[in-house]
1. Please work out the C-alpha center-to-center distance from region 54-76 to region 3-45 and express it in whole Å.
2. I'd like to check one number: the per residue accessible area of the chain, probe 1.4 Å, reported in Å² as a whole number.
3. Quick one: dipole size for the chain, taken about the Cα centre, charges +1 on Lys/Arg Cβ and -1 on Asp/Glu Cβ, in debye to the nearest 20.
4. Using r as the Cβ-Cβ distance of Glu20 and Arg48, and R0 as 30 Å, what FRET efficiency do you calculate, to the nearest 0.05?
5. Hey, what does the equivalent ellipsoid look like for the chain, semi-axes from the Cα gyration tensor as sqrt of 5 times each eigenvalue, largest first, whole Å?
6. Per-residue accessible area for Ser70 at 1.4 Å probe radius, Å² rounded to 10?
7. Take every Cα-Cα pair in region 27-68 and report what % of them are more than 14 Å apart.
Amino acid sequence: MPAQSGFDNLGIGAKYQFYESDAHETILSLGLDADLGGTGAARVGAERFTVLTPAIFVGKGFGDLPDSLSALRPWR
């Protein structure tokens, strides 16, 4: 099979942080990724339709654990 060259569809993304707690080392965000259909070369398999992918991001640190679980905390 001969090699193909070209660009895939253009992809863009956005993320919005709606919650942050320094005391509990927690962060929550919403995201949306969009692959814009018809912006890439069909010869490399770029679709002609747009794909939207929502996402939820959760981050939790271990710095607020009780002393009994101190082995799980980050080293300082």
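1. Each part reduced to its Cα centre gives a spacing of 27 Å.
2. About 82 Å² of surface per residue is accessible.
3. Numbers: 6 positive and 9 negative charges, 47 e Å.
Charge dipole of the chain: 220 debye, to the nearest 20.
4. 0.15
5. Values: eigenvalues 364, 53, 12 Å².
After scaling each eigenvalue by five and taking roots: 43, 16, 8 Å.
6. Surface open to solvent at Ser70 totals about 60 Å².
7. Working: 557 of 861 pairs.
In whole percent, the share of Cα-Cα pairs in region 27-68 beyond 14 Å is 65.
The values are calculated or read from the model by the stated rules, or taken from the named source; none is laboratory data. Model, not experiment: these values are computed from the prediction. All Cβ positions, glycine included, derive from the backbone under ideal geometry; neighbour counts span all protein chains shown. Calculation scope for accessible area: heavy atoms of the full protein, side chains included, ligands and nucleic acids excluded. Shrake-Rupley method; radii C 1.70, N 1.55, O 1.52, S 1.80 Å.
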